[in-house]
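Sharing a structure here in structure tokens format.
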Amino acid sequence: MDQVVSDAVDFLTENGVKIDTSTQKQTPATIYDGLSISMVEWEGTDKDGPVSVSLAFVVPKEDTAVVVTYWGSKGAEDKHQDAIVQMLLSIRATN
């Protein structure tokens, strides 16, 4: 998982997002509708100002994981929380 987080931080940096690593929060895995979902979150900035940054680790089955990387202006995450949750819950494993 450390390498995935490192790669995601590199991706964000390449896209102009500066992460304040001192703000890191980790949410342990929780089971929702058969999916294990855990989060790593930070505060940061991009060209438009303060942002919330999140990595969601979605495990639809034991040997499969999806990492969703997203960031948005402060407060926008709260506004779109329902849509974000629905998107994460829509992830399913295939054969």
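Hey, could you get me the Stokes-Einstein D for the range 2-89, Kirkwood radius over alpha-carbon pairs, 25 °C and 0.890 mPa s, rounded to whole µm² s⁻¹?
The Stokes-Einstein estimate is 181 µm²/s.
Only sites in a loop by DSSP and with at most 10 other Cβ atoms within 10 Å count here; which trypsin sites (Lys or Arg not before Pro) in the range 19-73 make the cut?
Taking the range 19-73 and a limit of 10 other Cβ atoms within 10 Å, the loop trypsin sites (Lys or Arg not before Pro) found are Lys47.
In what sequence do Ser52, Ser22, Ser6, Ser73 fall when counting other Cβ within 10 Å, fewest first?
The order, fewest Cβ neighbours first, is Ser22, Ser6, Ser73, Ser52.
Still on this model: Pull up the cross-link candidates among the lysines for Lys47, meaning alpha carbon to alpha carbon under 16 Å and not fewer than 8 places away within one chain.
Answer for Lys47, where 16 Å is the Cα cut-off: Lys18, Lys74, listed by chain and number.
What are the residues whose amide H is under 5 Å from the amide H of Gly72, where those residues sit 5 or more places off or on another chain and H is modelled from the backbone?
Correct list: Ser52.
Using 0.36 nm times the number of residues separating Lys61 and Glu41, minus their current alpha carbon distance, what extension gain do you get?
Here the segment from Lys61 to Glu41 would lengthen by 4.9 nm.
If the reach is capped at under 17 angstrom between alpha carbons, list the aspartates and glutamates near Lys61, excluding any in the same chain fewer than eight residues apart.
Once the sequence-local aspartates and glutamates are set aside, what remains near Lys61 is Asp33.
Grab the beta carbon distance between Val85 and Thr27, set R0 = 22 Å, and tell me the FRET efficiency rounded to 0.05.
Computed FRET efficiency for Val85 and Thr27: 0.95.
Computed from the coordinates by the stated procedures, all read-outs in this text should not be read as laboratory data. Just so we're clear, the structure is a prediction, and the values are computed from it rather than from any experiment. Glycine also receives a Cβ, built like all others from the backbone with ideal geometry; neighbour counts cover every protein chain displayed.
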